[in-house]
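> The structure follows.
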Amino acid sequence: MTHDSAAKFDAARAGEYARQSRIALAGYDACHELSACMLSAVLGEAKPARVLVVGAGGTGGEIIAAATLEPHWSFVAVDPSQPMLDLARDNITSAGIADRVETFPGAVSDLEASPSFDAAIMIGVLHHLPGDEAKHAILAQIAMRLKPDAPLVVAGNYRPYASQPLLMAAWANRWRMNGAKPEELQSKMNKILQGAEPPRSEDDVFALLVDAGFEAPLRFFSSLFWGAWLARRMSAVK
């Protein structure tokens, strides 16, 4: 996530993030848990690994799930939004894994540009970045810091929202199911759409990954507009 994209994730939004995100994404916790399971399936059980977590601010769910599954993993958690990173840090501390997590306020590009990570996770970031150039750039920055053949989990919304009115209606019903009154629904949906620009299709997600230096993308989770994929870093990054 860029610093500009992070501006909307201020202290007010951070405070409501945990509840809001679980309503907006049906299967929020399952996505984080399966992401950890997929990475472990690639890296192998009970082996040490250093994991880069991009856009880590919020619940810290992807880190907590992965740390619970694999006690020998350590994490570098990057996010340009300090309020969101503070929220994640609180949850990580409560989970008793703070000694395994380094938090870094900033962008991936601010990290040392060397292949020092065994795996990476980026959940809920790609659709907040405007245009293909910004999306490609962050994926390329991640690839630069991964060891050859290292796995990346990337998850987020794909397909333009307006292209799927039935899914949008179902999304609104998620809020209604969780107690939102009719007058609240429009503001909830407007917040979801604020500044969001998802990739146009799953093929576009795959193209972005390949152009940035990844191969063999595999979707392992889906929920309305949301998808989660695992891809491997190529030996030679473009």
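The values are calculated or read from the model by the stated rules, or taken from the named source; none is laboratory data. Everything quoted here is computed from the prediction, not taken from an experiment. So basically every Cβ, Gly included, is an ideal-geometry build from the backbone, and we count neighbours across all protein chains shown. What goes into the accessible areas is simple: the full protein's heavy atoms, side chains included, and nothing from ligands, DNA or RNA. Shrake-Rupley method; radii C 1.70, N 1.55, O 1.52, S 1.80 Å.
> When you scan the stretch 185-234, how many residues do you find that are under 15 Å from ILE138 (Cα atoms), in contact with a strand residue (DSSP E or B) (Cβ under 6 Å, 6 or more places away or on another chain) and without any contact (Cβ under 8 Å) to a residue 40 or more places away in the chain?
The total comes to 1.
> If the requirement is being small (Gly, Ala, Ser), at pLDDT 95 or above and under 30 Å from LYS191 (Cα atoms), which of these qualifies: ALA65, ALA98?
ALA65
> Could you list all residues from the stretch 192-238 that are closer than 17 Å to PRO165 by Cα and in a strand (DSSP E or B)?
Listed by number, the residues that qualify are SER223, TRP226.
> Okay, moving on. Out of all the residues in the stretch 121-137, is one or more under 26 Å from LYS191 (Cβ atoms), open to solvent by 40 Å² or more (accessible area, probe 1.4 Å) and either among the β-branched types (Val, Ile, Thr) or part of a loop (DSSP other than H, G, I, E, B) (or both)?
Yes: the stretch 121-137 contains one or more residues that are under 26 Å from LYS191 (Cβ atoms), open to solvent by 40 Å² or more (accessible area, probe 1.4 Å) and either among the β-branched types (Val, Ile, Thr) or part of a loop (DSSP other than H, G, I, E, B) (or both).
> When the stretch 138-179 is examined, which residues are found to be assigned to a loop (DSSP other than H, G, I, E, B) and surrounded by fewer than 18 Cβ atoms within 10 Å (Cβ to Cβ)?
Within the stretch 138-179, LYS147, PRO148, ASP149, PRO160, GLN164, ASN178, GLY179 meet the criteria.
> Here is a further query. Working carefully through the options SER109, SER35, find the one that is open to solvent by less than 20 Å² (accessible area, probe 1.4 Å), assigned to a helix (DSSP H, G or I) and polar (S, T, N, Q).
SER35
> Evaluate the following for ASP4: is it at pLDDT 95 or above and either under 18 Å from the mean Cα position of the chain (by Cα) or surrounded by fewer than 16 Cβ atoms within 10 Å (Cβ to Cβ) (or both)?
In short, no.
> Return yes when VAL78 is of a type in the set (A, V, I, L, M, F, W, C), on the phi < 0 side of the Ramachandran plot and in contact with a Phe, Trp or Tyr (Cβ under 7 Å, 6 or more places away or on another chain) and no when it is not.
Here the answer is yes, as VAL78 does meet what is asked.
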